[in-house]
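> Attaching a single structure in structure tokens format; questions to follow.
The values are calculated or read from the model by the stated rules, or taken from the named source; none is laboratory data. Remember, predicted model here, so these are calculated numbers, not experimental data. No Cβ is skipped: glycine too gets one built from the backbone with ideal geometry, and neighbour counts run over all protein chains shown. Protein only, heavy atoms only, side chains kept; ligands, DNA and RNA dropped before computing areas. Shrake-Rupley method; radii C 1.70, N 1.55, O 1.52, S 1.80 Å.
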Amino acid sequence: MIVRISTEDQYRLPNDDAERLNELDNAAVAAIEADDEDRFHAVFEEMLNLVRTDGHKLGDDELEESDVILPPPDLSFTEAHHEFSGDGLIPD
Amino acid sequence: MPGLGGRMSTVIKAKINKMLDKAEDPSETLEYSYAKQMELLQNVKKGIADVVTAKKRLQLQQQKLEQQVVKLDTQARQALSAGNEELARVALERKQFAQTELQTLDQQVVELEQQQQGLIDKEQKLRSKLEQFRTKKEVIKAQYSAAEAQVKISEAATGVGEEMADVGLAMQRAVDKTEGMRARASAMDELEAAGAFDDNLTLTAGQDDIDRQLAALTSGSQVDDDLAKMKAELGQGSEPSPALEEGKPADQQAQGGQP
């Protein structure tokens, strides 16, 4: 599967990582809902690490659509909140 | 992606898709909107130039502040030698403020450097992806039936389109960050213009608005510590005593109490 870290790069990951990524994604959403900033950053960082260490960057000659797009690595907690209230990083 | 139904990624993905959907046929859009692609690349170039300008301005401020820190330290020492503790305190407050500002600036310059490099990389990547797309399209047309080719070209176009959307996002974030720093830099310039760091320390000591603001901005205990250290170095009063740690101001220690 192909995962993009917004503003960074696209990575090709083993399909097996999908489940772990999904768990982390849910944990990140839960942290945001619980307003737990530290937890959110920890989980989000783990997500990014998983993609960067397990994945291989796509070459410039590969024109692929991503299966998953993660927010930019420098996402703030406030921005993470906004992601779920309608006016996200990319305006509607 | 089946199985990956997390909200965070799907929200972002849905939004990027929505941007791409605006183009009815991505391959057509990419093929015919060469001008649009060039415009995006131009914008990225401009974005990089803005970041560089902002960085230079911050670096200039850094230099000025570094000089100020040295100067204010000297002024504080001179004031203390002359027995004007109040003036020394004002100078130290300003020095501490300048030092705090300096730390923030250092951080911001590093951040801007990262932004700059990020944008340069992104521009390069987009450029080569666009080139690839042009080449690939011709190859696909030659190798596949018209219907198959259409599908494959569309897929490749979506890949490039996503890259374009991502470059747009990276640029927006760089611009937002730069704007924020610019506002802060302007505020610093105003403070300087208002005389926070000028030579007229003696005329304004402890009396004007600037000093009240600076006193509020700087941590009093740090200034007390500096003052105590300076006194010790100048051979005035005693070494910082345990009472200091209990939060008793240094001047009361050394000179037996002031209002």
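> Using +1 at the Cβ of each Lys and Arg and -1 at the Cβ of each Asp and Glu in region B:62-115, identify which of B:Val90, B:Gln78, B:Val110 lies farthest towards the dipole's positive end.
B:Gln78
> Could I ask something else about it? Which whole-Hz ³J(HN,Hα) couplings does region A:4-15 yield from phi under the Karplus relation 6.51 cos²θ - 1.76 cosθ + 1.60, θ = phi - 60°, glycine and proline marked x?
Each residue of region A:4-15 in turn: 9, 9, 3, 6, 10, 7, 9, 10, 9, 10, x, 4 Hz.
> If you average the alpha carbon positions of region B:125-188 and of region A:1-67, how far apart do those two centres end up, in angstrom?
Rounded to whole Å, the Cα centres lie 20 Å apart.
> Something else about it: Give the B-A buried accessible area in Å², both sides summed, 1.4 Å probe, nearest 100.
Numbers: alone 15540 and 5900 Å², together 17910 Å².
Heavy-atom accessible area buried at this interface is about 3500 Å².
> Place a point 7 Å from Cα of A:Lys57 in the direction of its Cβ. Which residues in region B:88-122 have their backbone N less than 11 Å from it?
B:121-122
> While we're looking at this one, here's another question. With a 1.4 Å probe on protein heavy atoms only, tell me which residues of region A:1-38 lose at least 40 Å² of accessible surface in the complex relative to the chain by itself.
Buried by the other chains: A:Arg4, A:Thr7, A:Asn22, A:Asp25.
> To continue, here is another question. For Cα pairs less than 8 Å apart in space and 6+ apart in sequence, what is the mean separation divided by the residue count of chain A, i.e. the relative contact order in percent?
Rounded, it is 41 percent for chain A.
> To continue, here is another question. Of the listed pairs A:Lys57/B:Lys136; A:Lys57/B:Lys129; A:Lys57/B:Lys122; A:Lys57/B:Lys45; B:Lys55/B:Lys177, which have alpha-carbon separations greater than 22 Å here?
Details: A:Lys57/B:Lys136 20 Å; A:Lys57/B:Lys129 14 Å; A:Lys57/B:Lys122 14 Å; A:Lys57/B:Lys45 24 Å; B:Lys55/B:Lys177 11 Å.
Exceeds cut-off: A:Lys57/B:Lys45.
> Using a 10 angstrom cutoff on alpha carbons, build the Gaussian network for chain A and name the most mobile of A:Leu24, A:Leu48, A:Leu58.
A:Leu58
> For A:Leu48, what charge total do you get from the other residues with a beta carbon under 14 Å from its beta carbon, if Lys and Arg give +1 and Asp and Glu give -1? Spell out each step's value before the answer.
Details: positive: A:Arg4, A:Arg20, A:Arg52, A:Lys57; negative: A:Glu8, A:Asp9, A:Asp17, A:Asp25, A:Glu45, A:Glu46, A:Asp54, A:Asp74.
Net local charge, A:Leu48 excluded: -4.
> While we're on this one: Tally up the carbon and sulfur contribution to the accessible surface of chain A as a whole percent, 1.4 Å probe, everything protein left in place. Provide the component values of the computation, followed by the final result.
On the way: 1800 of 4220 Å².
That fraction is 43 percent.
> Ignoring any ligand, DNA or RNA, what whole percent of the accessible area of region B:51-91 comes from carbon and sulfur when the probe is 1.4 angstrom? Please report the intermediate quantities before stating the final value.
Details: 1100 of 2060 Å².
Using a 1.4 Å probe with all protein chains present, region B:51-91 comes out at 54 percent carbon and sulfur.
> Do you know which residues of region B:171-190 lose at least 20 square angstrom of accessible area in the protein assembly compared with their chain on its own, with a 1.4 angstrom probe?
B:Arg173, B:Lys177
> Mind giving me the nanometre distance, one decimal, between the label points for B:Glu113 and B:Gln42, set 7 Å out from Cα along Cα→Cβ?
In this crude label model, B:Glu113 to B:Gln42 measures out at 3.2 nm.
> Within region B:96-131, name every residue whose backbone N is under 12 Å away from a label modeled 7 Å from Cα of B:Ala49 along the Cβ vector.
Flagged as within label range: none.
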